[in-house]
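Trainee: To start, I am sharing the structure in question, which I have written as C-alpha cells.
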Amino acid sequence: EILLPGEVILKPGESYQAPALLAAYSSAGLDGVSERFHSHIRGRTMHPKRARPLTLNMWEAIYFDHDATKIKAIAEVAAEIGVERLVLDDGWFGARRSDHAGLGDWIVNKKVWPNGFTAIISDIHERGMEFGLWFEGEMVNPDSDLYRAHPDWVLNTGGHSENNWRHELVLDLTNAAAFSHVLEQVSAVLTEFPIDYIKWDHNRVVVDASNNLQAAVRNQTLAIYRLFSELKKRHPKLEIESCASGGGRVDLGVIDYVDRFWVSDNNDALERQRNQRWTGQIIPPELLGTHIGPTPGHQTGRSLSLSFRATTALFGHAGIEWDISKISNSDKAALKTWAAYYKANRDLLHTGKSIRIDYADENAYLYGVIDKKRERAIFSFAQLTPTTAVHPAQLTFRDLNPDKNYQVKAVYPAGAPLFMLIEPPTWLTGVTLSGAVLMEIGLPAPILAPENALLIEINQSN
C-alpha cells in the first residue's frame, strides 16, 4: 500500500493495519513461483467453483448503439455458437449516449430501454444464456443528475477546479451518502432484473484523492471492498468482473471480492499474448477474461486470423468481443467448434499447472497447462513476429512423466495456422513418444508465419 502524505494519522491508542503482503519462493523458477500463487488463490473459500461460462461482451459490437433488434440478432448467433453469458456494456443508463454524460445516474434510460431489460433478458434466458450488465460506480460525469445535485461528492483537494479526466470525476465513496447512493441504485437494478453478472469498470486514474483536505486513497479502496461485499450479500449469486480500462486493477486485495479480471482493453491478440503471459504469472487463468476480438482490431487496426485470435483467447476465462451477427458462415462454424473445444477442456485449462517454456526463439512463445496426474496437457506454440532462425529450436516440454508414453498431435478448433514454405513436420498429425523424449529431445518446430499459433494436445497412452 502506498500511502499519501497525511493519509494515516494515528492518535494515542489508535493502530493501523497494513494490507497483507503475499510472497512466494520457488527453486523451480518463475513457473514454480506462479504455481504457488495459483495454488494459494485457488484455495480460497470464495474462489469460483463452477465452470467458467463462455462470455460474449457486446461493447465492441455495438458501443453506445443500444438497439434491441440488433442485440437480439447478436444473442441469436451467440446461442447458436454456444455462448453461455451475454453482457450489455456501457450506454444503458441516465443520459449516457456518449462518454460525456450520465455516470452516477444508475437508472435505466427509458428512451433507450422504454420497457427496461425484462424483454431482452427473457429472450437471452430463453436461449440458455445468462445476462450481465456494465457499471462504473466509482465515477461521475459533471453532466449528470448526481453531480448537479451533489457537486461536493467528488474527491478533490479544494481551492481549484476538479481534475476532469475522460469527462469524469472520482466519486467520494468515503462519503456515507455517496456510498449509499451507488449501493442503492446498483442494487435496485439488480433487484428489478435477473442479472447474473456485472462488469465493474474504473476508467480514470485517481488523482486529487482528498476528502476534506485529507488524503483518501486507502479509505476509497476499502469503501469499494465494502460495496462489493454488500452487493454480494444482497445478491448471493452475483459475479463481479473487475475492470479498470482493462487490467488497471488486478491485485491480491480486490481478488477476494471479484470473480474475474478483464486483462486489458487492448483486445488485439498479439498484444494479449504478452499481457496474458505476465498477468498469468500471479493470477490463474480461470480468473482472466480472454476474448476473441474483431479484425481489424479496434485498438490497433491490426488484422489477425481467427485461428490466432481464438487460440490466444483459449487460455483464460474465454469469450468473444465482436459483432458476430455480421460474420461469415465459415467464421461462425469455426467459433462453434472453438466454443465446444473450450467447454470440453476448460476443466484442464482452469485447474492445471501453468507452464511457460523458455523457448530459444524470443519471437515465439511455447506455453500450456498440464493436469495434476501428468496425464493430459494442452500447449500453444505462438509465432509472434518473424523468426530469425533457419532451423527453429525443438519444442521441448516439462512436467511429463518420463517413464510414460504420450500421444501428441496438433489440433485446430478454429482453423489451421499459416505455415511457411517448408512442409510442416509429420508429428502434427500424431505421434507417440515417451515423456523423457518429449522433455529432453522434443519435437521439430513447425515454421509458422508471424502472428500465428497452433494448439498441441499431449495425452498419456495406455
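Trainee: Please work out if residue 16 is more than 25 Å from residue 286 (Cα to Cα), within 22 Å of the chain's Cα centre (by Cα) and not hydrophobic (A, V, I, L, M, F, W, C).
Mentor: Spelling it out, it is not the case that residue 16 is more than 25 Å from residue 286 (Cα to Cα), within 22 Å of the chain's Cα centre (by Cα) and not hydrophobic (A, V, I, L, M, F, W, C).
Trainee: Can you name the condition, by its number, that residue 35 falls short on among (1) among the acidic types (Asp, Glu); (2) modelled with pLDDT under 95; (3) surrounded by 15 or more Cβ atoms within 10 Å (Cβ to Cβ)?
Mentor: (2)
Trainee: Being crowded, with 23+ Cβ neighbours inside 10 Å and at negative phi is true for just one of 312, 295, 300, 279. Which residue is that?
Mentor: 312
Trainee: Could you list, in sequence order, the residues of the range 51-81 that are surrounded by fewer than 18 Cβ atoms within 10 Å (Cβ to Cβ) and in a loop (DSSP other than H, G, I, E, B)?
Mentor: 51, 63, 64, 65, 67
Trainee: Please work out if residue 48 is assigned to a loop (DSSP other than H, G, I, E, B), closer than 18 Å to residue 200 by Cα and in contact with a Lys or Arg (Cβ under 6 Å, 6 or more places away or on another chain).
Mentor: No: the conditions fail for residue 48.
Trainee: Got a sec? Which of 134, 113 is modelled with pLDDT of 95 or more and assigned to a strand (DSSP E or B)?
Mentor: Matching residue, one of 134, 113: 134.
Trainee: Another one. Quick one: would you say residue 92 is modelled with pLDDT under 95 and either aromatic (Phe, Trp, Tyr) or not assigned by TED's automatic domain parsing to the domain that holds residue 238 (or both)? Outline the logic, then answer.
Mentor: Details: modelled with pLDDT under 95: no; either aromatic (Phe, Trp, Tyr) or not assigned by TED's automatic domain parsing to the domain that holds residue 238 (or both): yes.
Against the criterion (modelled with pLDDT under 95 and either aromatic (Phe, Trp, Tyr) or not assigned by TED's automatic domain parsing to the domain that holds residue 238 (or both)), residue 92 does not qualify.
Trainee: Right, another one. Based on this model, can you work out whether residue 338 counts as closer than 15 Å to residue 246 by Cβ, hydrophobic (A, V, I, L, M, F, W, C) and more than 11 Å from the chain's Cα centre (by Cα)?
Mentor: It is false that residue 338 is closer than 15 Å to residue 246 by Cβ, hydrophobic (A, V, I, L, M, F, W, C) and more than 11 Å from the chain's Cα centre (by Cα).
Trainee: Are any of the residues in the range 48-63 on the phi > 0 side of the Ramachandran plot, touching a residue at least 12 places away in the same chain (Cβ under 8 Å) and assigned by TED's automatic domain parsing to the domain that holds residue 297? Please lay out each step first, then the result.
Mentor: Keep residues of the range 48-63 that are on the phi > 0 side of the Ramachandran plot, which gives 63.
Next, only the ones that are touching a residue at least 12 places away in the same chain (Cβ under 8 Å) stay: 63.
Then drop every residue that is not assigned by TED's automatic domain parsing to the domain that holds residue 297, which leaves 63.
So far as the range 48-63 goes, yes, one or more of its residues are on the phi > 0 side of the Ramachandran plot, touching a residue at least 12 places away in the same chain (Cβ under 8 Å) and assigned by TED's automatic domain parsing to the domain that holds residue 297.
Trainee: Under 6 Å by Cβ, and 6 or more places apart or on different chains, what pairs join a residue from the range 202-222 that is at pLDDT 75 or above with one that is assigned to a strand (DSSP E or B) and crowded, with 17+ Cβ neighbours inside 10 Å?
Mentor: These pairs meet every condition: 202/244; 204/168; 206/170; 216/210.
Trainee: Quick one: residue 128 ticks every box in (1) over 27 Å from residue 333 (Cβ atoms); (2) in a loop (DSSP other than H, G, I, E, B) bar one, so which box is it?
Mentor: Here residue 128 meets the rest and fails (1).
The values are calculated or read from the model by the stated rules, or taken from the named source; none is laboratory data. Quick caveat: nothing in here was measured; it's all calculated off a predicted structure. Note that we place each Cβ from the backbone using ideal geometry, even for glycine, and neighbour counts take in every protein chain shown.
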